[in-house]
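Here is the structure we will look at.
None of the figures in this text is laboratory data; all of them are computed from the coordinates on show. Everything numeric here is computed off the predicted structure, so don't read it as measured data. Cβ coordinates were reconstructed from backbone atoms using ideal geometry, including for glycine residues, and neighbour counts include every protein chain displayed.
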Amino acid sequence: MKNCKYILVLAAALLCVFSCRKLTPDEIVSKTYAGLVINEIAAHDELADIDSWVEILNTSTADVSLEGLGLYLKDEYLNDKCVWSAAPGALAAGERLVVTSATGQGLSTGIISNAEFVLRLGTKDGSVDKFVRSEIMPEPQYNRGSYQRIPDGGDTWRNMTYSTKGRPNEIFDWKEPLPNAIWMWSSHMEPMMANDAEIMKEYWRLGYRHLLLNSAAFTNRPHEAVPFMEKAEEIGFAVHGWIQAFYKGGTWNVPIDKEKKTIKEEVFADMRELGRLCIEEFGVKGLHLDYIRWPSKASQYNFTKEVNSVAAVNRACRETRELCDKYDEGLVTSAALMPEPNTTNTYAQDPSQMGKYIHILMPMCYRYSYGYSDTGLVNCMNWFCNNSANAEVWSGLQTYDKSTTGLSADAIYTDIMAYRQSKATGIVLFRFGLGTFPDVNDIWKTTD
């Protein structure tokens, strides 16, 4: 009995100790702002054309008042300085708030990703969340990427090549958006961006979700490409880097030296570097290979098992896939193909081999260039669908007639529905600036 009384007294004493323990400043702040986290950080102060920004997410199921909340930065110049103070108000459950260094947008300084920094969310006395770069993510950011919690609001941080500003943090899934794409040249960025991206927004409304942007946009027009990529992501487009594989400076550049009968390694090296630039410096969601072929007479370059045209095309496809897979971010690969079947001797394109590496094959079965009837279009597409290994097949189609006159929306829609009778699972329009694009939101809906 005495032991029982002793135990009860001891338990009561311990309960008193713990209940009377003074909370730490971090515990007080964490209780006040429970559920708020730093969800994404774009630290780009070392880059002239790209702003720094921070996304705050309310992971709780209740509204959280922002009164007294701030962001505090410690780096080589600042010592836990408040660089943003919240305006009066609350953050609703599941809502996110983006604070940026753009003029008048709240963040009083940029953040440098190639140096150590500590960013905390809280008050001057304590923190509800803290990001310590040296502990969480020691490597510098990619030019248009960000540090992200993945899954959204979770405990794990990743250094991503693309950002999800103001949107849920998630790995890109190329099968999720509608499979409707547009080929566009670098010069098309300007009209696409005119009037607050009026045309881009209209194409989104019409159901287009993928933009295949020629890589000259990134090599020759980088200052235009940066805001273009930001706007495309904001609207919801997936931008793919369109690489002209065996074509350079207006001339063919096939990767086999016919006289020496050797592989031209520089062609593959240039492709890898261009792909890396598109991904790491501009944040594309995939790489698209065009001119991934010989112009003609490919069989004349077949010297050995290793040095032959088909093997060279397949190698380019494989290395492109390996490059994209290296980032583990869902980056998609695609390739444009000539429309004739069984052309390994001519173009060195074997879809049954290319499809082992490439996610999406895009045969250019152009009605007006080749004079296809509706039946001819379906037969062309189905041949590729039946010989594509593991790849999906999207129909490449023209938006202009044989005299290069743009087609009406009705004419393009009629052609799309002809392609739709094949086994192909997507469409790619060539090209922006020619023809009036129709509404394609519902073309993949099935009817009972």
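Observations on the model:
- Total charge dipole magnitude, the chain, about the Cα centre, Cβ charges on Lys, Arg, Asp, Glu only, Debye to nearest 20: 1000 debye
- P(r) weight above 31 Å for segment 180-430, C-alpha pairs, percent: 23 percent
- Whole-Hz ³J(HN,Hα) from phi, Karplus 6.51 cos²θ - 1.76 cosθ + 1.60, for segment 379-393, glycine and proline x: 5, 4, 5, 5, 4, 5, 4, 7, 10, 10, 6, 9, 7, 7, 10
- Listed by chain and number, the lysines placed with their C-alpha closer than 29 angstrom to that of Lys423 are Lys175, Lys285, Lys356, Lys402, Lys445; residues fewer than eight positions away on the same chain are left out.
- Highest GNM mean-square fluctuation among Phe218, Phe131, Phe303, for the chain modelled with Cα contacts below 10 Å: Phe303.
- Each Lys and Arg adds +1 at its Cβ and each Asp and Glu adds -1 at its Cβ; summed about the Cα centre, segment 180-430 shows a dipole of about 840 debye.
- Close amide H contacts of Leu337 (hydrogens built in the peptide plane, cut-off under 5 Å, sequence separation of 5 or more or a different chain): Met362, Met364.
- One entry in [x] 22, 50, 27, 1; [y] 22, 45, 24, 7, 2, 0; [z] 23, 55, 21, 0 is P(r) over Cα pairs in 20 Å bins from 0, in percent calculated from the shown coordinates; its label is [y].
- Short to long, the 5 Å bins of the Cα pair-distance histogram for segment 27-160 hold 2, 11, 21, 26, 22, 13, 5, 1 percent of all pairs.
- Overall form of segment 291-379 per C-alpha gyration tensor (a/c, 1.5; a/b vs b/c): oblate
- When segment 318-439 is reduced to its Cα atoms, the Kirkwood hydrodynamic radius in Å: 15.0 Å
- Computed over segment 38-96, Cα set: Rg, Dmax in Å: 13.5, 39
- Mean ellipticity per residue at 222 nm, deg cm²/dmol - from DSSP H runs of n ≥ 4 across the chain, formula -39500 (n - 2.57): -9000 deg cm²/dmol
- Sequence-distant aspartates and glutamates (8 or more away, or on other chains) whose Cα lies within less than 19 Å of Lys31: Asp63, Glu67, Glu95, Asp125, Asp129, Asp155
- Think of the chain as a dipole: +1 on every Lys or Arg Cβ, -1 on every Asp or Glu Cβ, centred on the Cα centre; then among Met381, Thr123, Asn195, Met381 lies furthest on the positive end.
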